[in-house]
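Colleague: I'd like to ask you about the structure that follows.
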Amino acid sequence: MTFRSARDAAVPAHLASADQLSRLGFDDRWDHAFHEASTIHLPDAPAFPARVVRTDRGACDTLSAAGPVRATWGADVVAAVASDPLAVPSTGDWVRVQAWPDGNHTVEAVLPRRTAVVRAQVGGTSSGQVLATNVDVVAVVEGLYPDPDLGRIERLMALAWESGAQPRLVLTKGDLGHDAAELAAEIGGQVAAGCPVDVTIAHEGEGLDALREVLADRATLALLGASGVGKSTLLNALLGREAMRTQALGAVHKGRHTTVTRELHLAPGGGAVIDTPGLRSVGLQGGEGLAEVFADIDGLALDCRFSDCAHDREPGCAVQAAIDAGELPERRLASWRKLQREAAYQARRVDARLRAAELAVWKQRTLDNRRAAKSGRQKR
């Protein structure tokens with residue numbers, strides 16, 4: 001027997017129980033946050049905590065202790081989203097759901113997030129897009145074959161670090177190339193220093209033990225990566241069932257299945273996996289994650305002769321010396337420069353948007369004051 005939500009998100013029947021919240025990661029801190037958010041107390045309209053599985057415009061599928069619940073956004077949530085687009089209920093959020101006598105349910109509050117994976121809209125005007133929330137571990141997924149994209153890994157690792165969760169690198173398709181372990185060690189040392197690195201052959205169940213241990217602690221694992229790197233195959237292997245249908249590899253050895261939505265899936269022994277769409281472009285909200293991803297360059301920069309060294313042609317540049325000595329790939333410095341420029345641009349764009357919003361508030365206040373003064377003169 002299987003419970004299904006309005007959007008046909010499968011939930012194993014044995015998980016639709018009182019223990020389900022615990023399996024989803026609900027703890028004393030979440031319980032306290034839920035009661036802090038419970039401002040409405042109606043005998044015939046009980047409120048209960050639930051976790052967002054999937055969301056769409058104005059409504060979302062959630063999982064509660066009793067199983068799947070479809071809920072629309074309440075007035076307070078609509079108002080919050082209107083003032084801050086990032087406040088939209090997102091996959092992974094814990095929410096307070098209100099049950100009404102007519103059988104409808106509304107999301108009345110989104111509990112404060114512990115972590116959030118947020119990408120900036122590249123070339124866009126919006127404030128960004130929330131990919132997943134309340135994640136414990138962000139797994140950056142990249143295929144070892146045919147050619148791993150190191151620049152893409154660096155970008156996604158920066159996004160993972162900025163989320164506040166623990167990043168790790170998962171290299172898939174370990175059976176399609178030669179010397180997978182050696183290549184993984186080289187890649188990990190360059191772009192994921194200090195992070196766990198897993199080499200997997202998902203369809204054979206190999207290399208998954210460390211990820212299963214993460215889920216065994218009832219943690220939430222988010223999968224980030226481009227289309228075709230094997231996220232869906234990895235997801236199915238971790239869940240032990242076909243949550244996402246996959247197809248055979250194409251002519252260029254890329255998976256043909258493309259995830260088009262963000263969705264939370266319960267793991268058999270507890271914990272949850274959030275699958276995200278294949279990311280073609282990833283903008284960075286800020287530069288905090290870059291310091292972690294490029295710790296080697298920042299460390300070398302401490303030995304530069306000049307504190308404001310641009311690592312170009314300045315004398316006494318330790319970064320250029322490391323490149324000349326073959327200790328630092330030139331590609332890595334180019335990637336650092338590119339992401340630094342992008343982060344700086346994004347910071348300027350956010351500052352400009354905040355200034356514009358503040359100016360609009362003051363303009364409205366001035367207009368209101370003028371109207372009030374005019375009304376007072378007319379009464380006299």
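Colleague: Packing-wise, with mean Cβ within 10 Å as the measure, how do 207-215, 60-68 rank, highest first?
Modeller: Sorting 207-215, 60-68 by mean packing, highest first, produces 60-68, 207-215.
Colleague: Something else about it: For the pair H203/D31, report the inter-label distance in nm, with labels modelled 7 Å from Cα in the Cβ direction.
Modeller: 4.5 nm
Colleague: Ok, one more. At 0.36 nm per residue, minus the direct Cα-Cα distance, what do R70 and D19 gain on full extension? Give it in nm, one decimal, please. Please report the intermediate quantities before stating the final value.
Modeller: Details: separation 51, 0.36 × 51 = 18.36 nm, distance 1.97 nm.
Fully extending the segment from R70 to D19 adds 16.4 nm.
Colleague: Also: State whether segment 288-345 is rounded, prolate or oblate according to the following rule on the C-alpha gyration tensor (a ≥ b ≥ c being the square roots of its eigenvalues): a/c under 1.5 gives rounded; otherwise a/b larger than b/c gives prolate, and the remaining case gives oblate.
Modeller: Prolate, because a/c is 1.5 or more and a/b exceeds b/c.
Colleague: Listed highest first by mean packing, meaning other Cβ atoms within 10 Å per residue, what order do 334-340, 271-277, 100-106, 180-186 come in?
Modeller: Per-residue Cβ counts within 10 Å, averaged per peptide and sorted highest first, yield 271-277, 334-340, 180-186, 100-106.
Colleague: Between D368 and R337, what is the FRET efficiency for a Förster distance of 45 Å, r being their Cβ-Cβ separation, to the nearest 0.05? Mind showing how you got there, number by number?
Modeller: Numbers: r = 47 Å, r/R0 = 1.05.
FRET efficiency, D368 to R337: 0.45.
Colleague: On to the next question. How many angstrom lie between the C-alpha centres of segment 202-226 and segment 152-169?
Modeller: 16 Å
Colleague: So for each of 74-86, 220-232 I average, over its residues, the number of other beta carbons within 10 Å; can you give me the resulting order with the highest mean first?
Modeller: Packing order, densest peptide first, comes out as 220-232, 74-86.
Colleague: Another question, then. What distance in nm lies between label points placed 7 Å from Cα along the C-beta direction at D175 and S83?
Modeller: With each label placed 7 Å out from Cα toward Cβ, I get 5.4 nm.
Colleague: So, one more: Quick check: pseudo-label points 7 Å beyond the Cα along Cα→Cβ at A291 and E182, how many nm apart are they?
Modeller: About 3.7 nm separates the two model spin labels.
Every number here is computed from the coordinates shown, using simple stated rules; none is lab data. Since the model is a prediction, treat every value here as computed from it, not as a measurement. Heads up, the Cβs are rebuilt from the backbone with ideal geometry, glycines too, and the neighbour counts pull from every protein chain shown.
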